[in-house]
1. For segment A:191-209, give me the residue count where each residue is small (Gly, Ala, Ser) and in contact (Cβ under 8 Å) with a residue 12 or more places away in the chain.
2. Kindly evaluate B:Leu99 against the criterion of being facing chain A (nearest Cβ under 7 Å) and open to solvent by 10 Å² or more (accessible area, probe 1.4 Å).
3. Please enumerate the residues belonging to segment B:33-57 that are within 15 Å of ligand 1 (Cβ to nearest atom), outside any strand (DSSP E or B) and of a type in the set (A, V, I, L, M, F, W, C).
4. Give B:Asp13, B:Asp68, B:Asp20 a once-over and let me know the one that is farther than 30 Å from B:Gln109 by Cβ and more than 16 Å from ligand 1 (Cβ to nearest atom).
5. Read through the list (1) in a helix (DSSP H, G or I); (2) farther than 20 Å from A:Ala79 by Cβ; (3) within 14 Å of chain B (Cβ to nearest Cβ); (4) in contact with a helix residue (DSSP H, G or I) (Cβ under 8 Å, 6 or more places away or on another chain), then give the number of the only condition that A:Val248 fails.
6. Out of A:Arg98, A:Arg55, A:Arg93, A:Arg26, report the one residue that is open to solvent by 80 Å² or more (accessible area, probe 1.4 Å), charged (D, E, K, R), under 30 Å from A:Ile185 (Cα atoms) and at pLDDT below 95.
7. What's the number of the condition B:Met88 fails, among (1) under 20 Å from B:Asn161 (Cβ atoms); (2) free of Cβ contacts under 8 Å to residues at least 40 places away in the same chain; (3) within 16 Å of ligand 1 (Cβ to nearest atom)?
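The values are calculated or read from the model by the stated rules, or taken from the named source; none is laboratory data. Everything numeric in this text was worked out from a predicted model, so none of it was measured. Methodologically, a virtual Cβ is constructed for each residue, glycine included, from the backbone with ideal geometry; neighbour enumeration extends over all protein chains shown. SASA here: full protein model, heavy atoms, side chains in, ligands and nucleic acids out. Shrake-Rupley method; radii C 1.70, N 1.55, O 1.52, S 1.80 Å.
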Amino acid sequence: MAEQPTDLETRVGPKIEFRGDPFASRLSSFPWWFLGLILIAVWAVFIITTQESYREAFDFIKQGIPVTIYITLISFTLASVIGLMAGLARISRSVVLRNIGTFYIEVIRGIPMLVLIFYLALVAVPSVVDGMNAFGEWLDGNGLGFLGGIFLAIENKNVPLEARAVIALAVTYGAFMAEVFRAGIQSIGRGQMEAARSLGMSYAQSMRYVILPQAVRNILPALGNDFVAMVKDSSLVSVLAVRDITQVARLYAGRSFRFAEAYTIIAVMYLTMVVLLSLLVQLIERRLRANE
Amino acid sequence: MSDPKNMIIEAVDIYKYFGDVQALNGVSLTVEAGKVIVVVGPSGSGKSTLLRCINYLETPTSGEIYIDGQLMTNDQRILNETRAEIGMVFQLFNLFPHLTAQENVTLAQNVVRGRSKEEAQEIAMQQLERVGIPEKADVKPAQLSGGQQQRVAIARALAMNPKIMLFDEPTSALDPEMIKEVLDVMLDLAQEGMTMVCVSHEMGFARAAADEVIFMDNGLIVEHTTPDGLFNNPQEERTKLFLSQILQH
Ligand SMILES: Nc1ncnc2c1ncn2[C@@H]1O[C@H](COP(=O)(O)OP(=O)(O)O)[C@@H](O)[C@H]1O
Ligand SMILES: [Mg+2]
């Protein structure tokens, strides 16, 4: 997951001052890069509407858009839950929980994302399901069939690749998001937890009603950036033959040998999604700042 | 612990170390229900730590705290139940900034006392009226002055119907013109018979409200007497020195 500058402006580098020449100054601070992006979009629309081969490629590849979107949305939701729990574990008073949290994060960080996707989807998920099945059979054998049924309900052959992809992405991103949640929680002053506890609220209640609402608000831009990054990294699930836009484009290119068409179209698709979402994140950030 | 005089707070031989720092060096204190105790002493003498040990925000290194006969332990159920009976007011208010004044006052009523939303809101309004700012009910803490924030914090604590109120320098972060509005609320509370332990260097308040005054130094209670006894007739050199320093201002 590459680090993303929250503010698109920061990507243009240092601000250069032209003293005494407002026109030159305006020229130098104009977001030319954004104009470039818009030109790419216009150019893409133009070739898709005018060139037969691009239009065909686009019509084929666009069937992957819903898959990319729902894989990203479900994975991100799951990753947020995992990230929150791992983040809480990292700052827990329990030595065991703290170590489990740190272990998980360090393991995920130490393995390339592509390898993790393969490993989680093709090794970890089947092993866990096998283990559950074995446990269910053991329960069955010990006269606890009603409980065993729960563990026998899922079988490896019934776990679709989409589900494995979602689990793989969520477990991977959960580790990154755990650090975001941890930092967000720790950014809230000690006095807040003390005030809540002094009123008789439990640790969990204090987290739920006092700390997390403030922490999540503070980390909303960071979470937004993670979401944007995940849109891009969702392309990795194509290696599991999940038919997202990357996979559909690969299929199309392999069959028609129209590599330029296929890859140009998905590149523009990702770029469009990422730029629009980044703008949205910025908008949310401004709103939050204005409301402070 | 059955006392004829109903000692609502009993701290027995409390030691508290933070690493090498000895914040409390064997403090014992009993507070009778309905009494107002004012604690004074130089910075770093352990006043806050004593207050925070009473409601177990800090766990004493050794020693025992009884609240209304209940021994405090780190058992979370006992801790939460007992803390609900002890209101605490902090130097820096510690209002919940994401909630309005009224929501600040309803949250724990709802979550801890299990009161319905309507009931909690009604009680919140009564408490906000009591501290004199019902018109600020829907305002977030950031829009309130320091004095108003501290009064909301007092209302938040009072809404739980506590048996004890702890105040840790409630006016020392306030601009001078706002000190009186907070002290007036505290004075009312004292006259209504609330049990209060107040760390405060407001001599006027101590003279008007305190039944007993404690002078602390180096993690010890050096003198424990009446306001008149401490301010007009201090026994210990350390007390005299301290009083001469704060009375200069
Ligand atoms: N959380 C803490 N960690 C380390 N040292 C602390 C902590 N809280 C208080 N102390 C130390 O304990 C001593 C007493 O502090 P405190 O009770 O805050 O004094 P007071 O409220 O009288 O100014 C001081 O030396 C202070 O530095
Ligand atoms: Mg203090």
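1. Restricting attention to segment A:191-209, the residues satisfying the condition of being small (Gly, Ala, Ser) are A:191, A:195-196, A:198, A:200, A:202, A:204, A:206.
When the remaining residues are screened for being in contact (Cβ under 8 Å) with a residue 12 or more places away in the chain, the result is A:195-196, A:206.
Count: 3.
2. Working: facing chain A (nearest Cβ under 7 Å): no; open to solvent by 10 Å² or more (accessible area, probe 1.4 Å): yes.
No: the conditions fail for B:Leu99.
3. B:Leu50, B:Leu51, B:Cys53, B:Ile54, B:Leu57
4. Values: B:Asp68 fails: farther than 30 Å from B:Gln109 by Cβ; B:Asp20 fails: more than 16 Å from ligand 1 (Cβ to nearest atom).
B:Asp13 is the lone residue from the list that is farther than 30 Å from B:Gln109 by Cβ and more than 16 Å from ligand 1 (Cβ to nearest atom).
5. (3)
6. On the way: A:Arg98 fails: at pLDDT below 95; A:Arg55 fails: under 30 Å from A:Ile185 (Cα atoms); A:Arg26 fails: under 30 Å from A:Ile185 (Cα atoms).
Unique residue meeting the criteria: A:Arg93.
7. Failing condition for B:Met88: (2).
Quick grid of which residues meet (1) away from every other protein chain (no Cβ under 14 Å); (2) closer than 21 Å to B:Ala209 by Cβ:
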| residue | (1), (2) |
| --- | --- |
| B:Asp20 | yes, no |
| B:Ile54 | no, yes |
| B:Met72 | no, no |
| B:Gln76 | no, no |
| B:Glu81 | no, no |
| B:Gly87 | no, yes |
| B:Phe90 | no, yes |
| B:Asn94 | no, no |
